[in-house]
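Asker: I'd like to ask you about the structure that follows.
Bear in mind these aren't lab numbers, they're just calculated from the coordinates by the rules spelled out. Because the structure is a prediction, the values reported are computed rather than measured. We place every Cβ from the backbone using ideal geometry, glycine too, and count neighbours over all the protein chains shown.
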Amino acid sequence: MGDIYAMQRANGDWFTHMVNGRLHLPLFHTVHDAFMSRLQNFEMFLFKPVNFDDRMLKRFDAKRAKTDIDFCMIEDPFVSLHYGHVVERINLSLMMNGTA
């Protein structure tokens with residue numbers, strides 16, 4: 001698969017939102033998808049797409065408990081962020097390395 005993008009603010013904060021009582025971190029296949037989704041979601045205006053790789057995932061997990069947030073792949077940037085597909089961490093890592 002290759003590159004995956006998430007939305008991050010200049011201060012390092014990641015864009016997350018609540019879905020059914022759980023925090024979700026939306027992930028995108030392309031920078032374009034991330035920007036299009038940002039246009040649809042006012043809350044994301046202060047965030048920009050950054051490449052979310054294995055290094056970021058490890059740093060992310062080191063700062064947070066591994067169970068407190070779900071990673072959510074957004075297939076269509078023009079629909080609600082609530083319709084993303086939850087991706088398990090192991091599958092996310094495989095996707096980033098191009099083996100899934």
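Asker: Which one is right for this structure if semi-axes √(5λ) of the Cα gyration tensor in Å is calculated from it: [x] 31, 14, 10; [y] 47, 18, 7; [z] 18, 15, 14?
Answerer: [z]
Asker: Still on this structure: Apply the Karplus curve 6.51 cos²θ - 1.76 cosθ + 1.60, θ = phi - 60°, to the phi angles in the stretch 75-81 and return the couplings in whole Hz, x for Gly and Pro.
Answerer: Per-residue couplings from phi come out as 7, 10, x, 9, 10, 4, 5 Hz.
Asker: I want to check the label-to-label distance for Asn51 and His85. Put each point 7 Å from Cα in the C-beta direction and report it in nm to one decimal.
Answerer: 2.4
Asker: What share of the DSSP beta bridges in the chain is antiparallel, in percent to the nearest 5? Spell out each step's value before the answer.
Answerer: Numbers: 12 of 18 bridges.
Antiparallel: roughly 65 percent of the beta bridges in the chain.
Asker: Name the long-range amide H neighbours of Val87: under 5 Å, sequence gap of 5 or more, or other chain; modelled H, no Pro or chain starts.
Answerer: Long-range HN contacts for Val87: Phe71, Cys72, Met73.
Asker: Quick one: 3J(HN,Hα) in Hz for the stretch 24-29, Karplus 6.51/-1.76/1.60 with θ = phi - 60°, rounded, Gly and Pro as x.
Answerer: Those phi angles translate into 10, 10, x, 10, 10, 6 Hz.
Asker: Report the trypsin sites (Lys or Arg not before Pro) located in the stretch 13-88 that are in a DSSP loop and have at most 10 other Cβ atoms inside 10 Å of their Cβ, or state none. Kindly include the intermediate steps, with their values, before the conclusion.
Answerer: On the way: sites: Arg22, Arg38, Arg55, Lys58, Arg59, Lys63, Arg64, Lys66; in loops: Arg64, Lys66.
Answer by residue number: Lys66.
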